[in-house]
Amino acid sequence: MEVLSVGVDPPRLGPPYAATGLIFSLLLGVWSAQALEMFVGKIPFLEAVNGSTVLLPCTYASCIGIENLYFNWQFNENGTMQKVCESLIESEESVPHVSIYRERVEFVGKNHNNNVSILLWNITFDDAGQYTCFGRNPKEKGRNHSAIFTLIVVDEVRVVDKTLTIIIASAVGGAIAFLMGFMLLKNLTLFILSKLEEKNKECLVTSSGIDNTENGLSGSKADSKPTPKKK
């Protein structure tokens, strides 16, 4: 007996389901655009000398605005997150009262332009590590956002040897100058050759005219004498 296998096509989403998925994707994109974001700058790390004072930058942004925004700074101490400071920001215009839990820390952001940066005074090697700027906006129903800034503490600022950079820059500059000089010399040579060729052509034309005149050929500039009349 021959057994026939019957294939069953998987169910396909009809137009209503596709439209629902599209709407959901659009709403999700709009929601993501309105979400709170924390920024620590384009360069999220800093190398500073032991004993100096450094700024740990952080700002926030939200398209839907804030209301009782909670933020804090945390320090990753050997895998354990230690709270550095925290506060509630009632609105974008208010100056928060910040609680500080670590020595030599000062809140300098004051919420001006959404700034929640802190200052570390007289840093030591123990201050080196990762600092997390954390924020939570109640308007987003408890979603958490954060950004990490890394502090590197050294004995002295390392002087970068720029010898190789200078050599490379000099070589590139010399090559460009040589190429420009070569192109200029080439164009000048071609210009001179073209002028010489034009002059040679003029000489040939002039010489041909003189020869025709001396030989008395037709079309020459030689004076033609009239034929004498018979008496």
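Numbers for the structure displayed
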item	result
Formal net charge of residues neighbouring residue 84 (Cβ-Cβ distance under 15 Å; K, R +1; D, E -1)	-3
Centroid-to-centroid separation of region 129-191 and region 74-93 [C-alpha atoms, Å]	32 Å
Expected-Rg normalisation [2.2 N^0.38 Å, Cα atoms] applied to region 107-205	2.58
Solvent-accessible area of residue 83 with every protein chain in place, 1.4 Å probe, in Å² to the nearest 10	90 Å²
Cα-based equivalent ellipsoid, region 60-105: semi-axes from gyration tensor eigenvalues, Å	24, 13, 7
Protection proxy ranking, peptides 181-191, 67-77, 119-129, average beta carbon neighbours within 10 Å, highest first	67-77, 119-129, 181-191
√(5λ) per eigenvalue of the Cα gyration tensor, region 95-165, largest first, Å	31, 17, 12
In Å², nearest 10: area of residue 132 left accessible to a 1.4 Å probe	20 Å²
Cα gyration tensor shape for region 53-182, rounded if a/c is under 1.5, else prolate or oblate	prolate
Under 5 Å, built H, 5+ apart or other chain: amide partners of residue 116	58, 59, 60
Where 141, 42 fall by accessible area, highest first, once all protein chains stay in place (1.4 Å)	42, 141
Area of residue 90 that stays accessible when all protein chains are in place (1.4 Å probe, Å², to 10)	130 Å²
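The values are calculated or read from the model by the stated rules, or taken from the named source; none is laboratory data. Bear in mind that the values here come from a model prediction, so they are computed numbers and not experimental data. Positions of Cβ are generated from backbone atoms using ideal geometry, with glycine treated the same way; all protein chains shown enter the neighbour counts. Ligands, DNA and RNA are stripped out before the accessible areas are found, and what is left, the full protein with its side chains, is counted by its heavy atoms. Shrake-Rupley method; radii C 1.70, N 1.55, O 1.52, S 1.80 Å.
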